Amino acid sequence: MLTYIIRRVLILIPMAFVICFLVYLGLELTPGDAVSHMINPDAAGSMNPAQLEALRQSLGLGQPFHVRFWSWFTNLLQGNFGYSMSGGVPIANIIATRLPATLELAAVALVFSTVIGSLLGVVSALKRGSKTDSALTVIGMLGVSIPEFFFGLVAISIFALNLGWFPVGGRSMPGYLTLWDRLPHMVMPAMVLSIMLTAGVMRYARSSMLDALSRDFIKTARSKGLPEWRVNLLHGFRVALTPVVVLIGFRLPVLIGGSVIIEQVFQWPGIGNEFISAVRSQDYPVVMTIALLSVMAVLVASLIVDILTAVIDPRVRLGE
Amino acid sequence: MSGPNYPTTRRRTRLDAQFDRIRAREEAGLAKSGGGSRAVKKFLNNRLAVFGLVVFAIIIFASVFAPLLTPYDPNKIDLRGMLQAPSWEHWFGTDRTGRDLFARVLYGGRISILVGLGSAVLAAIIGVLIGVYTGYVGGWLDALAMRVSEIFMSFPQIILVLMLVSILGQSLLNLMLIFTLTGWGGIYRMARARMLSLREEEYVLALRSFGLSRPLIAYKHMLPNALGPIMVNITLSTAAFILQEAGLSFLGLGVPLSIPTWGNILNVAQDIRVLQTNWWIWLPVGVVISLFVLSVNFIGDGLRDATDPSQQG
């Protein structure tokens, strides 16, 4: 087991390094450098070019590419992500203030979609070929076909503007900061974010459950004379659920992608919102850093998934 | 499988009914043999897939023949007819600058479908070209292609797309290039995996012993056996790209706003006032996008069921 984990980590490290390098390359190719972030263009125009050059040298910008990359990379490892082009705020600070909002939303959506999705999927599999099954299949298809932001717009229009049940957007009212006060703000974005995930989980849970039900041990359980619900729940469901739980890791990219757009629709002050405004204002250091962090999150998640799968299923780690 | 005479009390399913019909036709001597491939028949038997095909065809035709269906120019500003609700004159109403929304939805469909389908086909061409050859040949070339695709695929797609948009800038061509660049990985992996299993087939060994060149074996003799899953993949990624284009344009980061696309029409719905009072601006076009993507997804599912018997649930 330990050798398997070590092998997986050893594959991951060079890949993460290459991705860092590519992101840095992108950063170098985009216009502007650290000096142009520090000094606004009007002031820079009136400054002595020699002074600017001296500043560049003192910041180490005149050094060869690999030296600059290395110092950027070591800074990165220490959690020093550089500075935003607008306002010169350390990017680490921006992320620290924005991340909790995103995680909050993602956690709710993840739990909700896992529970509801696997329940619906299992029901669908147990009633295979019935009207319920085809209805659920069509609903699942609608869930992945309707654009998430359109769901968001419809939800705002109905529940916020017409019925007034929930606030239109934002994370909290000024001055009301307890979780209870913030709850109404969270309902719509979390639900809309869950829709696409739930549809995915449902499909996966259905085929996983069908697969489990076709195994021999189910026949054995039936022939022992166990009641049908025990066969389905204790034998089928339990086996079918493990891959579904592992699936959580693979849903991270969908979740990140979804929250970028959903946070914008609901004006939720998370990382995705920050990312969009950075893309709009072409604040490259922020764009690159957030992209880099999201890739790292995905890589780590996939590593955890691989390890979990190996724990559950010995064939994985013994194979290859 | 149980036929109609099987002595049980279980409820008859659709399959039973279908089987009965086939028997009846056989007995009446009407059953045709041959004629049309099995996959096509299976596809046409799938109600959802046929529904998808019909909706897909209607929307494509309406977009292509837009000038015949509407007298309006999608970009013609009419300041006296701003924000009109749907009427006989303007079926979907008009937007904030008095442009006819029905015309914009039709003409916008052209661009949105072009972006979705075009990028999916381009991504498929690249993915298949690389995947088929490296999957067959193996070795360092295969390992390299695999690593590169892993790097591309470890980015959440929308993050990578937005990152590239911020570097390359917004234009129709850039967007298609970016979608192609971010989307080739999936189809590459599928084509490669297919090749890895086909490689062990005996006909490949036979071809190799005849001394055929590697590209010839890979592209001419093995590729046709992977066409089913490739078609499925193209349809499903078309749906995904159309959704992404709509999302990006909604944010104002996709196709430049001067070109009407489905996403660009929705862009104004970011304004709460539009959302509240002018439902006709965003609701019909959102429904059209959803219907189109839904139809493409149904077609993709139908194709998968028809071409790949092992995938049925």
Solvent-accessible surface (1.4 angstrom probe) belonging to residue A:71, in square angstrom, nearest 10: 60
Carbon plus sulfur fraction of accessible area for the protein assembly as shown, probe 1.4 Å, in percent: 66
Rough spin-label spacing in nm, given labels placed 7 Å along Cα→Cβ, for residue A:134 and residue B:197: 2.9
Kyte-Doolittle at least 0.5, axis length at least 30 Å by Cα - qualifying DSSP helices, chain B: B:101-137, B:172-198, B:227-251, B:279-307
Per residue accessible area in Å² of segment A:86-188, where ligands, DNA and RNA are left out and the probe is 1.4 Å: 51
Under 5 Å, built H, 5+ apart or other chain: amide partners of residue A:83: A:91
With all protein chains modelled, accessible area of residue B:305 [1.4 Å, Å²]: 50
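Report, in debye and to the nearest 20, how large the dipole of the protein assembly as shown comes out about its Cα centre when Lys and Arg carry +1 and Asp and Glu carry -1 on their Cβ.
It comes to approximately 2200 debye.
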Heavy-atom accessible area order for A:193, A:110, largest first, 1.4 Å probe: A:110, A:193
Label-point gap, in nm, between residue A:7 and residue B:50 - each point 7 angstrom along Cα→Cβ: 5.1
Longest to shortest principal axis, alpha-carbon extents of the protein assembly as shown, angstrom: 96, 70, 59
Accessible surface, segment B:43-135, averaged per residue in Å² (probe 1.4 Å): 52
Estimated [θ] at 222 nm from DSSP helical runs (n ≥ 4, -39500 (n - 2.57)) normalised by residues in the protein assembly as shown, nearest 500: -23000 deg cm²/dmol
Positive-end extreme of charge dipole, chain B - chosen from B:152, B:266, B:278 (charges on Cβ): B:152
Neighbouring partner chain Cβ atoms per residue of B:163-170, average, 10 Å criterion: 5
3J(HN,Hα) from dihedral phi, segment A:306-311, Karplus parametrisation 6.51/-1.76/1.60, rounded to Hz, x for glycine, proline: 4, 5, 4, 4, 5, 5
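Suppose accessible area is computed on protein heavy atoms with a 1.4 Å probe; arrange B:133, A:24, A:83 from highest to lowest.
A:83, B:133, A:24
If you take the beta carbon distance between residue A:162 and residue A:50 as r and set R0 to 56 Å, what does 1/(1 + (r/R0)^6) give as a FRET efficiency, to the nearest 0.05? Please list the in-between numbers first.
On the way: r = 64 Å, r/R0 = 1.14.
With a Förster radius of 56 Å, E is 0.30.
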Selection from A:92, B:69, A:30 lying farthest towards where the dipole of the protein assembly as shown points positive, charges on Cβ: B:69
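Roughly how crowded by other chains is peptide B:242-254, in terms of the mean Cβ count from those chains within 10 Å of each of its Cβ atoms?
4
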Residues in segment A:288-309 occluded by at least 40 Å² - accessible area, probe radius 1.4 Å, against chain by itself: A:295
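Taking 0.36 nm per residue of sequence separation and subtracting the Cα-Cα distance, how much length would be gained by fully extending the chain between residue B:177 and residue B:277, in nm to one decimal?
Roughly 32.3 nm would be gained on extension.
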Karplus 3J(HN,Hα) series, Hz, for segment B:66-75 with 6.51 cos²θ - 1.76 cosθ + 1.60 (x for Gly, Pro): 3, x, 7, 8, 9, x, 8, 8, x, 10
Label-point gap, in nm, between residue A:18 and residue A:304 - each point 7 angstrom along Cα→Cβ: 2.5
Theoretical FRET efficiency, 1/(1+(r/R0)^6), r = Cβ-Cβ of residue A:267 and residue B:12, R0 51 Å, to 0.05: 0.40
Heavy atoms of residue B:99 accessible to a 1.4 Å probe, total area in Å² rounded to 10: 60
Most to least accessible of B:110, B:304 (protein chains only, probe 1.4 Å): B:110, B:304
Gained length - residue B:213 relative to residue B:97, 0.36 nm times residue gap less alpha-carbon distance: 35.6 nm
Accessible area buried at the B-A interface, both sides summed, 1.4 Å probe (Å², nearest 100): 3600
Pairwise FRET efficiency - residue B:148 versus residue B:220, Cβ, R0 = 35 Å, nearest 0.05: 0.85
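The values are calculated or read from the model by the stated rules, or taken from the named source; none is laboratory data. In this text, all values refer to a predicted model and were calculated from it rather than measured experimentally. Virtual Cβ from ideal backbone geometry, glycine too; neighbours counted across all protein chains shown. Side chains are part of the model used for accessible areas, which takes the heavy atoms of the whole protein and leaves out ligands, DNA and RNA. Shrake-Rupley method; radii C 1.70, N 1.55, O 1.52, S 1.80 Å.
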